[in-house]
Structure formats: C-alpha cells, structure tokens
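**Q** Pasting in a structure now, in structure tokens, and then I'll have a few things to ask.
The numbers here are math on the coordinates, done by the rules we state, and not lab data. Keep in mind it's a predicted model, so treat the numbers as computed, not measured. For neighbour counting, all protein chains shown are included, and Cβ atoms are generated from backbone atoms with ideal geometry for every residue, glycine included.
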Amino acid sequence: MSNIFSTDFAGRNFSLKTNYVAAQADGSIMVYYGDTVVLVTAVSLKTAREGVDFLPLTVDYQEMTSAGGKIPGGFFKREGRLNEREILISRIIDRAIRPLFPKGYFYETQLVATVLSVDKENDPDVAAMIAASAALEISDIPFKGPIACVRLGRINGEFVCNAFPEKMKESEFSIFMVGRKVTPSRSGKPYDVELVMMEGEAKEVAESVIVDAIKFGLEAIRPAIDLQDKMRAEVGREKRPVEEVLPDNELIARVSSEAMAGLKDGYSLPRKLERYSKLGSVRQAVVKSIGGDDANLRKKVAAIIEEIEQRILRDMIIQEKKRIDGRSSTDIRPISSEVGVLPRAHGSALFNRGETQALASLTLGTSSDEQRMDYIVGEERRSFLLHYNFPPYSVGEAKSLRSPGRREIGHGALARKALVPVLPSPEEFPYTIRIVSDILSSNGSSSMATVCGGILSLMDAGVPVKAIVAGIAMGLLKEGDNVVILSDILGDEDHAGDMDFKVCGTEKGITAMQMDIKIDGLTEDILRKALAQARDGRIHIIGKIRETLSASRADISLYAPRITTVKVKEDQVRTVIGSGGKNIRQIISETGVSINVEDDGTVTIASSDAEAAARAVAMVKWLTEEAEVGKIYRGTVKKILDFGAFVEILPGTDGLLHISQISKERVEKVTDVLHEGDEVMVKVLEVDKQGKIRLSRKDAMGAEVK
C-alpha cells in the first residue's frame, strides 16, 4: 500500500509517494511538485567487486520527452544519450550526495531520476534532488542525510525560493543550493541546516548579498527535511550495517616509519611532476617492501600511505602555515598571458597560472551558427558557446582521446555562466560566439583558467565586453578551531582539503560560483571570509589580465565575417524572402553573402567582403523600401487601362499613373504612349491612408532618380 507525505514548500504543495512503483529497488520515490512528477530509484548491491576501494556511485537524471507532451526528434524517435542539461543535473545530484556515504562503503550504487511530467512552473531538478535524498532515506542504504535544496533568486530586492522560471528571468541571480540536517545543533534549534553544495550564476552581485541569500535558503529547505524525517520514521527500512574497519596500528606504525621521511621530502618539491615522481617512488618501494606478494596487504599499505600523505599536507598548511609551493594562504601563483597567439583564429589567448595553462580560441559566426537545444522545459537558442577540453597530456598521461565527459561539460558550463553577464546584447553585437578552451597543462583550477583565457580571447576578438571577468578556486582546511582558507588551490590541496569553492566575477561582483563541502561546520563567518579572500584574489588576477589587454580591440579580426543588421517591418519579411526564397537566393547569388531573416523583421547579412555586404544591404532596402511623396522612381508598366496605367515603382508596390499625368501634352489613348513592360520615370504625388499611390510621369520628365 502506497503512502503519501505532503508539505507546503515555497508556497506550493510538495508530495513524496512511497511504496507505489519500482518495488524491487532498494528505495523508490515518486515526487509531485505541482504537475511536475519525477521518479527516483536507489539501488546498492549487497556485495562489493573484488579490489574496489572507492564508492562506485552512478547518478543518471533523464527527462522523458513525453513529460512535456513531445515526441523525440531524429530517426529513431526515442530518448538517446543524456543531453547537456541532463548531464549537468546528474552532476549536481552526484556532488551533493557522494560525500554523505560512510567511509569504507564500496558497494556499487546507482540513482536514476526520471522526469515523467513537467508543468514548466516547478523545476524538475529541485524535485529530483529532494527525491534522491528521500529514496536513500527510506532504503537500507547507509546515508548521512537527509538533504534538501532550493533554487534561490532575488527579485525587486526580495529573496525568493523556487520561483517560476519566467519570474526567475527578472532575478539578479540563480543559485541551486543544497543543505543537510546536522545534529546536535549549535544554534539552539532542534537541528541545524548546513550547506553541502551550491552552484549558480549572477549579474555582478555583491558577496554580502550571496551570503544573505544562502542563509535565507538554508532556512527555506527545513520543510523538505522535516517531511523526509516524518516519512523515514513511518516507512523507512533499517540501514545496512557498515563494517567498521579498525585501524591496524602496528601496520600503520611500520608504514609510517618507512614512508614518512620520503613523503615529506616529496611534499617539499614545488613542481608537480618532480613531486609526483618522488611520491610515486616512495609508494612503490614501501608497498613492495611491506606488502610483498600479498595483494590484500599491498592494498592496505597503499591506503595507509594515502592517509599519511593527506596528514602531511594538512599539517604543513594548518600547523606550519606552509604550502607546497611556498605561498602564503592568500598568495596567487605567478600569472602570465598572451593574446593573438593563433593567427587565423578570430581571437585567441594563452593563460598561465602556475603549472596550469589554458589555450582559448574564439570563432565568430552568424545567427545560423546558433545552437538550438530542445528540452522538455522549452527550447533554448544559444548564441554563446564555450567548450572545455581536458586532454590526457595535460597531466602527463597517455590515454585514448574520448568525447567530453561529465567533468568537461560541467567545467565548460561553469565558465560559460561566468562570462555571459559581460557579453554585449545581440543588437549591439549580432554574432554567434564560440570559445574552445584546451587545457594544455593542469595543476588545479583549470576551469578558472578557462574563464581568464576566455575573457582575454573575447577582448582579442574585438567583442565589446562590459567588464573583465576572472575566476579563482578557493580551498579550506578545518580541524577544530583551526581554520585555514586557501586562495588559488593546487590539485593536491583540493584532494586533501575540506572545500572546493570556485568564484568568478568582475571588480563589481560575482557572475558565477560553484561550491562543494566535504565536512560539517561551515559557518557564516567562514563563508564571508572565503568570499572576501576570493574577491581580493579575483581583483589581483583582473589586474594581471589588464596588463596583457586592458580593453576589447577596436575592430574584429580581418578573417571574421562582417555582420550588418537591417530592420524591416514584420509584414515585409515575406517580401525579402520572396516566393519560394527567390529574393534571398538572388541576393546570395549576386553578392556571395550569408543572410538570415527572423520573423520579427531582423535581417542579418554576413560577409568578409565589405563591398558585397553593402550591396546586399542595398538590395534588402530596395526590396522593402516604401514609396515617398515627391521622390522620383524608375518604374515598370505592369497593366494598361483606359484611364491610365499601373506602374511598379518598388518590388511589389504599384501606383496609378492617370492618363492626365502621362504627358504635358494631351493623351488620347494610353497605348499611344505606354505599353506593358516599358520603363518610365515617375514621381509620387500622393500616398493616401489606404496606401494607394498616385503617380505622375509629366512631373518626372527630365529628372533623375535620387
């Protein structure tokens, strides 16, 4: 028998339905938020694969086209690989729940979130995230929840949660934020809600506003947490026992004795490859010395060495106040950059920060190059594309090149969000822009290097950006009351740290951010300090970028298409296109330009030949020109009548030439002077309210066409 648990969540009914479908899953939840319905299932195997020493977790969020009343496009007419939106939401759910499984839980686990109905008012990603937590909560899978989420915004100075998508377009920011129930409480409330993960974009918003929004959001998710607590108390299953692995102190002491000195020497080397070489040789020697031919023992020794490495690094930073490369907690690695490094690219930049290097290349295209993305929540037309690549050689590895994975798509999406707020409007700069960021060398913060390289490539291409954007990755190490916030973290510091916080923005404010927390106890004070320190670092990086290129170039590349925009009336669109596209084809044939006509009357003409573009513009204007009183036109006689003739003075525009206006002398018959097909000079005498045009040939005699 199914059970339904409901609450008011952000002003609307929110329901979780259990024991209804997918009974063979370890946990299944059907969530209803308005008419949005999502099914989330959780399954975890009872036996671990041999040799697995990590959590093999898979999260798949999929949107069925039937949920939005659509039939899939393409030949096969069925859902295929996850699209970008589905991948990004899968990543968000994964990042929120992954740290909340017990240490040492190595059983293959999968969550599948399937959107079955969508009402375009209630975001299915919010529903899916909460249902994922709920499915784990009622299952026997060990999980340190519950968690819940909201989408935050600020409209007209007021914070809002889970506002309708149309309303969110007015918001200063959009932040997807996940919080977790934590007990015992330090606030005096029954429990605290602490930040687990957040990701968002903003329109140059101040750090203080972001902190206040997060505080607001953490309180707003309490109803969803309380609902899960109630549900679990009534229908939840007993959690599987997780075998506590007691430390082998004797083995730990032996490994420490043999490995400690060498590992410390390794972490004294500032360059990544030298450090990794030293650490690798120490690991190999100690594993072989102690583990011998016993595979299980070798595995235990390797795990102990990894813990010792993290301990060494954390003690260096927290106790000795020293980082691997000798920087203080607030120092930024050395920065250098170049622009115009690729002669034929429309814009390019090489950005270096420490041992991380990003090459950004930019291409300008026309509106026909826009990316059209058809989601169940609606169609998106994207005129700014950013693609991030992470080839294996960037970290000294030799692997097969594959299509972009979830990490690459996620990093590219974050960098794109960071740059969007400073781009010019389509009216100001009617180009489709594509940036490709290739990470040539990586030692942490490659996504933030993409932001920095991306803004330089935009300026190098002559895109009139509103401000310079920079990105920085922040870290945190917290042990008791000892708290160290790190600016511009290395890969090792990210791995051993308690937080990965990427912040992008201008001198004015934040444009994008992403945070993942591995521990409890992230206070408001720590968050404010991290954002303030990130701002200082960001301003420093912007200064370095400005030393390379302080503003956008005055003109675009010689190799980029020149785009001219002409605006015509909506009822003239058909005239520009012509019957069966006749007029468009003629313009392209005679000038060689690319031309695109929108339903709203926007005509964009693209060509690298300025003279050809000018001819095409003239042809469009000629096709859509309206008759002007007093102007002389060269027209063509289309029809002869007893009382005069109809003369076409513009494409599709005829005027009446009365017999009395044909000549200064008296004309007995029209055919005595004019015949169909004759070209004549005529002057527009009048255009009445109905648009009827009166012409004169005698007033135009001897005149020239203007």
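**Q** For a quick check: with amide H placed at 1.01 Å from N, whose amide H comes under 5 Å from residue 61's, ignoring anything fewer than 5 positions away on the same chain?
**A** The list, which skips near neighbours in sequence, is 90, 113.
**Q** Using the Kirkwood radius built from alpha carbon pairs, what does the Stokes-Einstein equation give as D for the chain at 25 °C and 0.890 mPa s, in µm² per second?
**A** 82
**Q** For the chain, find the longest principal axis of its Cα atoms and tell me its angle to the long axis of helix 272-286, 0 to 90°, nearest 10.
**A** 30
**Q** In percent, what relative contact order does the chain have, based on Cα pairs under 8 Å that are 6 or more apart in sequence?
**A** That works out to 9 percent.
**Q** Exceeding 20 Å between C-alpha atoms, which entries from my cross-link table qualify? They are 203/417; 278/502; 120/167; 466/502.
**A** Distance filter (> 20 Å) returns 278/502; 466/502.
**Q** Tell me the angle of helix 84-97 to the major Cα principal axis of the chain, expressed in degrees between 0 and 90 and rounded to the nearest ten.
**A** Approximately 20 degrees, to the nearest 10.
**Q** Using θ = phi - 60° and the Karplus relation 6.51 cos²θ - 1.76 cosθ + 1.60, list the HN-Hα couplings for segment 683-697 in order, rounded to whole Hz, with x at every Gly or Pro.
**A** Values per residue, Gly and Pro as x: 10, 7, 8, 7, 10, 7, 5, 7, x, 6, 10, 10, 10, 9, 8 Hz.
**Q** Just order 558-569, 244-255 by mean Cβ neighbour count inside 10 Å, highest at the front, would you?
**A** In descending order of packing, they fall as 558-569, 244-255.
**Q** Also, quick follow-up: Can you list the equivalent-ellipsoid semi-axes of segment 518-603, largest first and in whole Å, using the square root of 5 times each Cα gyration tensor eigenvalue?
**A** So the three semi-axes of segment 518-603 are 52, 21, 11 Å.
**Q** Please list the three semi-axes, largest first and in whole Å, of the ellipsoid equivalent to segment 1-98, using sqrt of 5 times the eigenvalues of its alpha carbon gyration tensor.
**A** Each semi-axis is the square root of five times an eigenvalue, giving 25, 23, 15 Å.
**Q** Could you please report the charge total around residue 694, scoring K, R as +1 and D, E as -1 over all other residues with beta-carbon less than 9 angstrom from its beta-carbon?
**A** -1
**Q** Please give the charge dipole size of segment 125-259, origin at the Cα centre, charges +1 on K and R Cβ atoms and -1 on D and E Cβ atoms. Round to the nearest 20 debye.
**A** 400
**Q** Here is a further query. Note down the magnitude of the dipole of segment 632-700 about its Cα centre, charges +1 on Lys and Arg C-beta and -1 on Asp and Glu C-beta and zero elsewhere, to the nearest 20 debye.
**A** 200
**Q** May I ask you to evaluate 6.51 cos²θ - 1.76 cosθ + 1.60, the Karplus curve with θ = phi - 60°, for each residue of segment 168-173 and list the ³J(HN,Hα) values in order in whole Hz, giving x for glycine and proline?
**A** Running phi through 6.51 cos²θ - 1.76 cosθ + 1.60 with θ = phi - 60° gives 5, 5, 8, 6, 6, 7 Hz.
**Q** Let me ask you something else. Percent of alpha carbon pairs in segment 374-514 separated by more than 27 Å?
**A** 29
**Q** So for each of 126-134, 498-506, 687-695 I average, over its residues, the number of other beta carbons within 10 Å; can you give me the resulting order with the highest mean first?
**A** 126-134, 498-506, 687-695
**Q** While we're looking at this one, here's another question. Identify, among 464, 317, 235, the residue whose Cα sits farthest towards the positive end of the charge dipole of the chain, taking +1 on the Cβ of Lys and Arg and -1 on the Cβ of Asp and Glu, with the dipole about the Cα centre.
**A** Of the options given, the answer is 464.
**Q** From Cα pairs below 8 angstrom and at least 6 apart in sequence, can you work out the relative contact order of segment 632-700, rounded to a whole percent?
**A** Worked out over segment 632-700, it gives 36 percent.
**Q** Count the net charge of all other residues whose Cβ sits under 15 Å from the Cβ of residue 601, scoring Lys and Arg as +1 and Asp and Glu as -1.
**A** -4
**Q** Here is a further query. Please list log₁₀ I(q)/I(0) at q = 0.13, 0.14, 0.16 Å⁻¹ for segment 3-235, using the Debye equation with identical point scatterers on the alpha-carbon positions.
**A** Those come out to -0.79, -0.92, -1.18, one per q.
**Q** Let me ask another. Counting pairs of alpha carbon atoms under 8 Å apart in space and at least six apart in sequence, what relative contact order in percent does segment 562-624 give?
**A** Over segment 562-624, the number comes to 43 percent.
**Q** Okay, next question. What lysines does residue 689 reach when the alpha-carbon gap must be under 26 Å and sequence neighbours fewer than 8 apart in one chain are set aside?
**A** Qualifying lysines at Cα under 26 Å: 567, 569, 621, 631, 638, 639, 698, 706.
**Q** Okay, next question. Quick one: of the DSSP bridges fully inside the chain, what percent are antiparallel, nearest 5?
**A** Percent antiparallel among DSSP bridges in the chain is about 90.
**Q** So what's segment 632-700 giving for Rg/Rh, alpha carbon basis, Kirkwood Rh from the mean inverse pair distance?
**A** Rg/Rh: 0.93.
**Q** Calculate the dipole size of the chain relative to its Cα centre from +1 charges on Lys and Arg beta carbons and -1 charges on Asp and Glu beta carbons; express the result in debye to the nearest 20.
**A** 540
**Q** From the helices alone, meaning DSSP H stretches of at least four residues, give me the mean residue ellipticity at 222 nm for the chain, per-run term -39500 (n - 2.57), in deg cm²/dmol to the nearest 500.
**A** My calculation for the chain gives -9500 deg cm²/dmol from helical runs alone.
**Q** Give me log10 I(q)/I(0) at q = 0.15, 0.21, 0.27, 0.28 Å⁻¹ for segment 562-624, Debye formula, one equal scatterer per alpha-carbon, no solvent.
**A** Reported log10 I(q)/I(0), two decimals: -0.36, -0.72, -1.19, -1.28.
**Q** Sort 206-216, 231-241 by packing, meaning the average of other beta carbons within 10 Å per residue, with the highest value first.
**A** The densest-packed peptide leads the list: 206-216, 231-241.
**Q** Kindly write out, for segment 291-299 in residue order, the coupling ³J(HN,Hα) from the Karplus curve 6.51 cos²θ - 1.76 cosθ + 1.60 (θ = phi - 60°), rounded to whole Hz, with x marking Gly and Pro.
**A** Along segment 291-299, the couplings run x, x, 9, 7, 4, 5, 5, 4, 5 Hz.
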